[in-house]
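The values are calculated or read from the model by the stated rules, or taken from the named source; none is laboratory data. These figures come from a predicted structure and were not determined experimentally. Reconstructed Cβ throughout: ideal geometry from the backbone, glycine too, with neighbour counts over all protein chains shown. Calculation scope for accessible area: heavy atoms of the full protein, side chains included, ligands and nucleic acids excluded. Shrake-Rupley method; radii C 1.70, N 1.55, O 1.52, S 1.80 Å.
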Amino acid sequence: MKRLASILLTLILLSALPIASFAEAPVKFTYIDFQAYGIEFMDELMHKFGAEHNVEFEIIHSANGYGDIMAGRVNSGDIPDIFQVEAGPAMVPYMEYAVDLTGDPILEGFVDELLSGVTFDGKVMAVPGGPVCIAFMYNKKVFDDAGITKMPQTIDELEALCEELQSKGVTPFAFGHQSSWITGQMAASFISQENVLDPTDTIDKLNSGELTFDTLKYYKNVFKVIDLTIKYGVDKTMEYDWERSEVALANGDAAIIHMGSWAEPLLVEFNSEVELAFMPIPVTNDGSAIPRIMAGPTGGWMLSKSSADVELLKKFAAYFTTSDEAIEMSSQGLRIIPPTKKQSPNGVAGMLNDSASYYVANGQSTPLIYVSYPLGFEWEHGILLQAYAAGDMTMEECIAAVQNEWDMAK
Amino acid sequence: MFLKRKPHARLVNGLDFAMFTFPALAVVLITTNIPFVMSIYYSLFDWNGLSRSMTFVGIDNFIRIFTIDAQFMKAIQFTIRFAAFYIVIVNILAVIIALPLSKSGLVSQIGRSCFYIPNIISLIAVSLVWRFLFGPGFDALADLTGLEIFKWSWLGTSTLAFYSVLILTVWQSVGFYMIIYVAGIIGIPQDIVEAAEIDGSRGIGHFFRITLPLIMPSVTVCIFTSLIGALKLFDVVLAFTKGGPGGSTATVAWNIYQEAFSKYRFGVATAKSVVFFAAVLVITVIQLTFFKKREVEI
């Protein structure tokens, strides 16, 4: 009896085996980015692709700690299958691990300018992401209520605007001084204005010593604008990080912040009725430069050479960036212009995109120069400017320290 | 039987010993000592931490960190200042708390738990709570009380940020040192205390002449631990101030971390960590010899 029972049990168990092994094991892809905004839209695309192609995704969104996760993974040979990279020198360390996509049919759908942002020595090393715009951003309703219609053309006009807002009982700035990268990005506008058409020229001259931070035309004006963000800022503005700064803007507690177009989904989440627009940054008082917004490619996604299935990975990368679903996701979800030639028939949702498009069409944009800085400079640049904002350094000390940091990084 | 052991028993014994210690030794070697030796090696290279290739640069990284790296010097200054304040305050406070709480009884048991609880909560979580406290929390308190102290920007100015970090770390860790001192005080032989009391020893004099000399082993341990803790401070900075404002609360450990993972200069970062290791080693050896001499034998 006992024997019969055990034979039966064994048979049952054995019969279950083939069923299990017939179902093909899913391919596993690891995905890493440094995205803090709109991640739910990206996850949705991945899950959809995964379900259709039997791929299991391990998704890591790491806005903080991206560097150490990648260093750990790369050094242990566990390179993520697809990972986000910033454009420019930040791509270089990962280059030897990435698939060279030059001439690959998956690149056909992309806008050429964006492809050049991820090209090194003639090799396309990543699929590009959409362009972003960065500048001052204001709450339209607050401006309307205060009767402000004209954008400031000079730094003095910016100050007058702040006075005007303040006299109407509005706090002009909620600058996110605690997140030092914001200050760094604002300063990039002033460096980029040195040579609007050719940022590499400015970088090369800074590298060769032909230009220094002391001799850059507009760099010293960064400090004037930082002073304004403090003088006309919220109380304890040094304690405002990017998130508090955005909350203050969305709720109308302050009129202006400095941020990029990626923030719109979150700002709308904070206050669904918020109306937003960009304000180009005035960089001088002498009229030698018009105010501009920064706009350009920020980077893209690299594919790992050592992936278990590179072909499937390419298929995913194409789906993730150039498919109709991806174009819709970017246009309507992330509210960022898709990196593709083909655009959504519904256009790109978003007030910031409308505003940015206006300034780009008007010739009031300048490249995102900070992606071309020597590796490691951008990080410390923001911190040094933060030290100035906190009153720990004078302008001269800060400029000398920034120069020193550049020389160490170049 | 013990005495009649055969010669080869010694060998067996030795093998037993090796067998039992080897796993632990292997773990320590693989996770601590070998990486340490490797980091000395890496400190001689220009390496971004990712690439398969590195360029040998000799002692360039060391020269660089001592000559042009102003932010590293700033971090060293902060760390030394922080360590000095932290060690003194946390130990004095811990002793003051430990004295009443070393009596047996329910009240002191509850008191000990209260002081120890912050120590068992993750420092990251604690830091986030304190960030809220110093920010919106203080704003609300300022509205409520109108006191000037709550209106100060505790995390936004470098002077106050220093004290904020100090207050948080002391609050978080004082319970740990208190427990060690409580154990030390309880361990003082009762007959000595009674004899001293019969001789008229009371109050402050009693503490300095009887209690303190007899808890010297606890003092050595506490100073040593707090010294190491202060020099290696990292997690509070990560969750609480991010080294800011303007790098004013950046510790050496934080600076090394950023050098490696935000600036992709692994060679320089390992050079810094080698220098840091040597400095910590020297400081702690001096501290241990100094305090060991002051321990009394009964």
Inset, instruction - Mind checking which helices (runs of 4 or more DSSP H) fall wholly inside region B:163-252 and carry at least 1 residues that are of a type in the set (S, T, N, Q) and buried (at least 18 other Cβ atoms within 10 Å of the Cβ)? - result: B:216-231
Legend entry - Sole exception among (1) out of contact with any Leu (no Cβ under 7 Å at 6 or more places or on another chain); (2) among the β-branched types (Val, Ile, Thr); (3) within 14 Å of another protein chain (Cβ to nearest Cβ) for A:THR183, by number: (1)
Inset, instruction - Residues that are closer than 28 Å to A:TYR94 by Cβ: find the helices (runs of 4 or more DSSP H) completely inside region B:1-98 holding 3 or more of those. - result: B:34-42, B:60-67
Inset, instruction - State whether the residues of region B:260-267 include one that is touching a residue at least 40 places away in the same chain (Cβ under 8 Å) and in a loop (DSSP other than H, G, I, E, B). - result: yes
Inset, instruction - Inspect region B:124-137 for any residue being over 22 Å from A:GLY391 (Cβ atoms), open to solvent by 80 Å² or more (accessible area, probe 1.4 Å), away from chain A (no Cβ under 14 Å) and without any contact (Cβ under 8 Å) to a residue 24 or more places away in the chain and give the result as yes or no. - result: yes
Inset, instruction - Identify the residue in region A:373-382 that is open to solvent by 20 Å² or more (accessible area, probe 1.4 Å) and under 13 Å from A:THR183 (Cβ atoms) and, among all such residues, is farthest from the other protein chains (Cβ to nearest Cβ). - result: A:GLU378
Legend entry - Any pair with Cβ under 8 angstrom, 6 or more apart, that starts in region A:386-410 at a residue that is without any contact (Cβ under 8 Å) to a residue 40 or more places away in the chain and farther than 21 Å from A:GLN178 by Cβ and ends at one that is of a type in the set (A, V, I, L, M) and in a helix (DSSP H, G or I): A:ASN404/B:ALA70
Legend entry - Of all residues in region B:254-298 being of a type in the set (D, E, K, R) and within 12 Å of chain A (Cβ to nearest Cβ), the one that is most open to solvent (accessible area, probe 1.4 Å): B:ARG265
Legend entry - Yes/no for A:GLN403 being out of contact with any Lys or Arg (no Cβ under 7 Å at 6 or more places or on another chain) and more than 9 Å from chain B (Cβ to nearest Cβ): yes
Inset, instruction - Note down all Cβ pairs under 6 Å where the first residue falls in region B:42-59 and is more than 14 Å from chain A (Cβ to nearest Cβ), the second is among the hydroxyl-bearing types (Ser, Thr, Tyr), and they're at least six residues apart or on different chains. - result: B:SER43/B:THR270
Inset, instruction - Scan region A:341-366 for residues that are part of a helix (DSSP H, G or I) and either within 14 Å of chain B (Cβ to nearest Cβ) or open to solvent by less than 10 Å² (accessible area, probe 1.4 Å) (or both) and report the count. - result: 2
Inset, instruction - Counting only residues that are open to solvent by 60 Å² or more (accessible area, probe 1.4 Å), give me the helices (runs of 4 or more DSSP H) lying completely in region A:162-237 with at least 3 of them. - result: A:199-208, A:221-231
Legend entry - Of the criteria (1) touching a helix residue (DSSP H, G or I) at 6+ places or on another chain (Cβ under 8 Å); (2) surrounded by fewer than 17 Cβ atoms within 10 Å (Cβ to Cβ); (3) not small (Gly, Ala, Ser), which one B:GLN77 fails: (1)
Legend entry - Cβ pairs under 6 Å, 6+ apart, first in region A:260-279 and under 19 Å from A:ILE293 (Cβ atoms), second of a type in the set (S, T, N, Q) and open to solvent by less than 40 Å² (accessible area, probe 1.4 Å): A:ALA277/A:SER355; A:PHE278/A:SER355
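Per-residue answers, yes or no, for (1) of a type in the set (S, T, N, Q); (2) modelled with pLDDT under 90; (3) out of contact with any helix residue (DSSP H, G or I) (no Cβ under 9 Å at 6 or more places or on another chain):
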position: B:ALA161; (1), (2), (3): no, no, no
position: B:SER164; (1), (2), (3): yes, no, no
position: B:LEU168; (1), (2), (3): no, no, no
position: B:TRP171; (1), (2), (3): no, no, no
position: B:TYR177; (1), (2), (3): no, no, no
position: B:GLY205; (1), (2), (3): no, yes, yes
position: B:THR211; (1), (2), (3): yes, yes, no
position: B:ALA230; (1), (2), (3): no, no, no
position: B:ALA239; (1), (2), (3): no, yes, no
Legend entry - Some residue of region A:389-400 being open to solvent by less than 40 Å² (accessible area, probe 1.4 Å) and modelled with pLDDT under 90: no
Legend entry - Residue among A:ILE369, A:ILE337 that alone is hydrophobic (A, V, I, L, M, F, W, C), away from chain B (no Cβ under 14 Å) and closer than 30 Å to B:ILE68 by Cβ: A:ILE369
Legend entry - Near pairs, Cβ below 9 angstrom, 6+ apart or cross-chain, from region B:153-175 (within 14 Å of another protein chain (Cβ to nearest Cβ) and over 11 Å from B:TYR86 (Cβ atoms)) to any residue that is among the acidic types (Asp, Glu) and open to solvent by 30 Å² or more (accessible area, probe 1.4 Å): B:SER153/A:ASP235; B:THR157/A:ASP392; B:SER158/A:ASP392
Legend entry - Subset of region A:186-219 [hydrophobic (A, V, I, L, M, F, W, C) and either within 14 Å of chain B (Cβ to nearest Cβ) or touching a residue at least 40 places away in the same chain (Cβ under 8 Å) (or both)]: A:MET186, A:ALA187, A:ALA188, A:PHE190, A:ILE191, A:VAL196, A:ILE203, A:LEU206, A:PHE213
Legend entry - In region B:270-298, the residues that are assigned to a helix (DSSP H, G or I), touching a residue at least 60 places away in the same chain (Cβ under 8 Å) and of a type in the set (A, V, I, L, M): B:ALA271, B:VAL274, B:VAL275, B:LEU288
Inset, instruction - Output yes when any residue across region A:89-102 is open to solvent by 30 Å² or more (accessible area, probe 1.4 Å), closer than 18 Å to A:PRO339 by Cβ, more than 17 Å from the chain's Cα centre (by Cα) and away from chain B (no Cβ under 14 Å), and no when none is. - result: yes
Legend entry - Qualifying residue in region A:48-62 (condition: in a helix (DSSP H, G or I) and either modelled with pLDDT under 85 or among the hydrophobic types (A, V, I, L, M, F, W, C) (or both)): yes
Inset, instruction - Kindly establish whether A:GLU325 is more than 14 Å from chain B (Cβ to nearest Cβ), out of contact with any strand residue (DSSP E or B) (no Cβ under 8 Å at 6 or more places or on another chain), under 30 Å from A:ALA277 (Cβ atoms) and of a type outside the set (Lys, Arg). - result: yes
Inset, instruction - Please verify whether region A:183-196 includes one or more residues that are of a type in the set (S, T, N, Q), out of contact with any strand residue (DSSP E or B) (no Cβ under 7 Å at 6 or more places or on another chain) and modelled with pLDDT of 95 or more. - result: yes
Legend entry - Test for A:PHE143: is it out of contact with any helix residue (DSSP H, G or I) (no Cβ under 7 Å at 6 or more places or on another chain), away from every other protein chain (no Cβ under 11 Å), touching a residue at least 24 places away in the same chain (Cβ under 8 Å) and not in a helix (DSSP H, G or I): no
Inset, instruction - Would you point out the residue of region A:59-84, among those that are under 16 Å from A:LEU45 (Cα atoms) and within 17 Å of the chain's Cα centre (by Cα), that is farthest from the other protein chains (Cβ to nearest Cβ)? - result: A:HIS61
